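First comes the structure, then the notes that go with it.
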Amino acid sequence: MRGEMSGTDIKSLSLEELTGELESRGERAFRAKQMYQWMHIKGVESPDEMTNLPAALREWIKERYDFTVLRSVQVQESQTDGTKKFLFELPDGNVVESVWMRYKHGNTVCVSSQVGCRMGCRFCASTLGGLERNLLPSEMLEQVYAVGRATRERVSHVVVMGIGEPLDNYDNLVKFIRLLTDGNGLHISQRNVTVSTCGIVPGMRRLAGEGLQITLALSLHGATDEKRRLLMPIADKYSIAELMEACDEYFGRTGRRITFEYGLAGGVNDTDQDAEELSALAAPRRCHVNLIPINPVRERDYRQSNVHRIQAFKERLERRRVNVTVRRELGRDIDGACGQLRRKRNIVN
């Protein structure tokens, strides 16, 4: 296993932390703000590009700190919807995926939070190789910045739904969100940030107390403990009742409506009874339900529900007054499911 970088990672420092670092060298506070803007607004790839900083200071930065930059090793572009999937190489040689999607409301980047995943969800490609390591805040940020550099378009929304379980990398995740939404940096609205979890209850409760206005999406995929255990090993640890208590606490403390992500697998969790059981959870909480036709994964046995079953499932939820959408299928022709592109590369190499 290749580890994280050994030095202090300068792009993971808050403006306050960066100010303290520079003041310890005798620099004035405005230098930290200049540097912060170079990194988090202009997205420079080297301290050498910080042209309004003294040359001696730039050299000191290079000698003292790690300066995270991700290298794009592969880009796939969908011929049907323009979605772009990026495979980025990290400083230690590991690779992660990011996806750029264009919507009417703006451009969204889906970022990874870990190299691999240890959650073991049985329909997902991300977890097939296990967990390699957590990503640093800078490595999550750089996915957004690198996609912005490549597309030359503004990113307005970020979803942490790529490779990895975000709440399994809790501290780095929260710091990433604070950096991403900081008014001195890229300043993406917290309301335009979504974090998806497979249901780590202590992390959900902790996140509720962070004072953030992000959207929390729960990957539910089954409305009973029995069905959920069939699909997701995490269900052996946390029951549906515990999950719903955590969802209620999150809404109570933040006022932010929970989204239930529900992947539809044909003949597994897409029956009329499944829809009724899901309605019983979602309707009283006024949750938004996002139905996801699963992307087939070669190494997995699950298949996508057919279009008629998906529509019938949606209509049954609507009759129970559940707010429900079916996720647009983006990037099917470019290994759209999380982890597919990374796994292909790792198998080849």
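A few remarks follow.
- Qualifying residue in the stretch 190-204 (condition: surrounded by fewer than 20 Cβ atoms within 10 Å (Cβ to Cβ), charged (D, E, K, R), under 26 Å from R328 (Cβ atoms) and in contact with a Phe, Trp or Tyr (Cβ under 8 Å, 6 or more places away or on another chain)): no
- Of all residues making up the stretch 257-291, the number that are closer than 24 Å to M204 by Cα and either in contact (Cβ under 8 Å) with a residue 60 or more places away in the chain or buried (at least 21 other Cβ atoms within 10 Å of the Cβ) (or both): 14
- Pair list, Cβ under 6 Å, 6 or more apart: the stretch 205-234 residue in contact (Cβ under 8 Å) with a residue 60 or more places away in the chain and closer than 12 Å to N269 by Cα, other residue surrounded by fewer than 18 Cβ atoms within 10 Å (Cβ to Cβ) and not hydroxyl-bearing (S, T, Y): L231/R122
- Considering residues of the stretch 48-106 that are without any contact (Cβ under 8 Å) to a residue 40 or more places away in the chain and among the small types (G, A, S) only, the residue surrounded by the most Cβ atoms within 10 Å (Cβ to Cβ): G82
- Beta carbons closer than 6 Å, at least 6 apart along the sequence or on distinct chains, never pair a first residue in the stretch 116-130 that is not assigned by TED's automatic domain parsing to the domain that holds P166 with a second that is of a type in the set (A, V, I, L, M, F, W, C) and part of a loop (DSSP other than H, G, I, E, B).
- Subset tally (residues that are surrounded by fewer than 20 Cβ atoms within 10 Å (Cβ to Cβ) and among the small types (G, A, S)) for the stretch 218-251: 2
- First in the stretch 175-192 and among the basic types (K, R), second anywhere and part of a helix (DSSP H, G or I), Cβ under 6 Å, 6 or more apart: K175/P137
- Scanning the stretch 184-198 for residues being hydroxyl-bearing (S, T, Y) and farther than 10 Å from I214 by Cβ gives a total of 2.
- E165 being within 24 Å of L13 (Cα to Cα) and acidic (D, E): yes
- Taking the criterion of being at pLDDT below 95 and touching a helix residue (DSSP H, G or I) at 6+ places or on another chain (Cβ under 8 Å), the residues of the stretch 127-161 that qualify are L128, G129, R154.
- Residues in the stretch 104-129 that are under 16 Å from S219 (Cα atoms) and charged (D, E, K, R): R118, R122.
- Residue ID - farthest from T83 (Cα to Cα), chosen from residues in the stretch 132-167 that are buried (at least 19 other Cβ atoms within 10 Å of the Cβ) and among the charged types (D, E, K, R): E132
- Out of S126, S78, sole residue that is under 22 Å from T259 (Cβ atoms) and either in contact with a Lys or Arg (Cβ under 7 Å, 6 or more places away or on another chain) or among the polar types (S, T, N, Q) (or both): S126
- Single residue of N290, N295 found to be modelled with pLDDT under 95 and among the polar types (S, T, N, Q): N295
The values are calculated or read from the model by the stated rules, or taken from the named source; none is laboratory data. Since this is a predicted model, take the numbers as computed values, not measurements. Don't worry about glycine lacking a Cβ; one is built from the backbone with ideal geometry, like all the others, and counts go over all protein chains shown.
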